[in-house]
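A.B. asks: Before anything else, here's the structure in question.
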Amino acid sequence: MNTHLIIAPSLLAADFARLGEEVRDVEAAGADWIHLDVMDGHFVPNITFGPLVVKALRPHTKLPLDVHLMIAPADPYLDAFAEAGADHISIHPEAGPHLHRSLQRIRSLGKKAGVVLNPATPVESILWVLDLVDIIMVMTVNPGFGGQSFLASQLPKIAALRRAIDASGREIALQIDGGVTPDTAPALIAAGADTLVAGTAVFGRTDYATAIAAIRGAA
Ligand code: DX5
Ligand code: ZN
């Protein structure tokens, strides 16, 4: 487990009219990764942006661009997000029929591959692809919107994934997305998370450095 907690501010809660500046500001404020939520209005009931925006943001930061695809199908777009400058590409198992093949494709593009588990998606869905994943992300809200309430029901799932990752001996980040705040961070860390996505808890505050430090301090 990483000793350094990774904080990935989610641009979903940023000012979309000033995205480049927002990315530069959170980098300066101590962010580790930039989390980008791609939504298609089909897999989730909201629409955000695609590879063009990822490409436009690439020159604004040296931090890893952590792309969370909430689109189905995802396979036809993996190459486009890789070419746009994504460093991590995370997909939901429900987004296509062949999770193993999709993860192989992301790896073959030279990117870190992630799998995202919705609140109802079981731990078992990823146990046979651990050799192909760099990131496992647990949704602690239903995907689609920022600012929703944290689902504490996911804490035992996070703990189970921690055990599975440790037993595998592989270097896999255990990332949490949804409702992360200084109040919820301690339970997430106790359950074994090492990477926290935070939208509202960072971009919803006026001072991003203080907001990021508050999550780190609480954890
Ligand atoms: C939700 C997104 C999240 C979202 C989290 O579908 O995947 O990344 O931005 O927002 P907060 O941190 O406000 O719950
Ligand atoms: Zn996300």
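A.B. asks: Could you tell me which of GLY199, ALA214, GLN175 has its Cα farthest along the dipole of region 6-218 towards the positive end, charges placed at Cβ (Lys, Arg +1; Asp, Glu -1), taken about the Cα centre?
C.D. replies: Working it through, the farthest residue towards the positive pole turns out to be GLN175.
A.B. asks: Just need the Rg to Rh number for region 98-219, please, alpha carbons only, Kirkwood Rh. All intermediate terms of the calculation are to be shown ahead of the outcome.
C.D. replies: On the way: Rg = 14.7 Å, Rh = 15.0 Å.
Radius of gyration relative to Kirkwood radius: 0.98.
A.B. asks: I've got another one for you. What share of the DSSP beta bridges in the chain is antiparallel, in percent to the nearest 5?
C.D. replies: Details: 1 of 31 bridges.
In the chain, DSSP labels about 5 percent of beta bridges as antiparallel.
A.B. asks: As a check on your grasp of the helix formula, calculate [θ] at 222 nm for the chain: sum -39500 (n - 2.57) over DSSP H runs of n ≥ 4, divide by the residue count, round to the nearest 500.
C.D. replies: Theoretical 222 nm ellipticity from helices: -9000 deg cm²/dmol.
A.B. asks: Less than 15 Å Cβ to Cβ from ASP25, Lys/Arg counted +1 and Asp/Glu -1: what total charge do the surrounding residues give?
C.D. replies: Here the charged neighbours net out to -2.
A.B. asks: Something else: Can you give me the long-range amide H partners of ALA219? Hydrogens built in the peptide plane at 1.01 Å from N, cutoff under 5 Å, separation of 5 or more residues or another chain.
C.D. replies: Under 5 Å from the amide H of ALA219 lies no amide H from a residue far enough along the sequence or on another chain.
A.B. asks: Another question about this same structure. Arrange SER90, SER108 by Cβ neighbour counts within 10 Å, fewest through most, would you?
C.D. replies: SER108, SER90
A.B. asks: Right, next: Quick one: 3J(HN,Hα) in Hz for region 44-56, Karplus 6.51/-1.76/1.60 with θ = phi - 60°, rounded, Gly and Pro as x.
C.D. replies: Karplus values, whole Hz, x for Gly and Pro: 10, x, 7, 10, 10, 8, x, x, 4, 6, 4, 5, 5.
A.B. asks: Let me ask something additional. Determine the dipole magnitude for the chain: charges of +1 sit on the beta-carbon of Lys and Arg, -1 on that of Asp and Glu, nothing else is charged, the reference point is the Cα centre, and the result goes in debye to the nearest 20.
C.D. replies: In debye, rounded to 20, the chain gives about 240.
A.B. asks: Below 13 angstrom from the Cβ of PRO182, what's the summed charge of the other residues (Lys, Arg +1; Asp, Glu -1)?
C.D. replies: +1
A.B. asks: Let me ask something additional. Sorting GLU124, GLU22, GLU83 on the 10 Å Cβ count, fewest up front, what's the list?
C.D. replies: The most exposed by this proxy come first: GLU124, GLU83, GLU22.
A.B. asks: Only counting other Cβ atoms within 10 Å, I'd like SER153, SER168 sorted with the fewest neighbours first.
C.D. replies: The fewest-first ordering by Cβ neighbours comes to SER153, SER168.
A.B. asks: Based on the Cα coordinates of the chain, what is the per residue volume of their convex hull in Å³?
C.D. replies: For the chain, the hull spanned by Cα atoms encloses 108 Å³ per residue.
A.B. asks: Using +1 at the Cβ of each Lys and Arg and -1 at the Cβ of each Asp and Glu in region 6-218, identify which of VAL53, ILE91, SER108 lies farthest towards the dipole's positive end.
C.D. replies: SER108
Read-outs: derived from the displayed coordinates by stated rules, not from any lab. On a predicted model such as this, the values are computed, not experimentally measured, just so you know. Cβ: placed from backbone, ideal geometry, glycine included. Neighbour counts: every protein chain shown.
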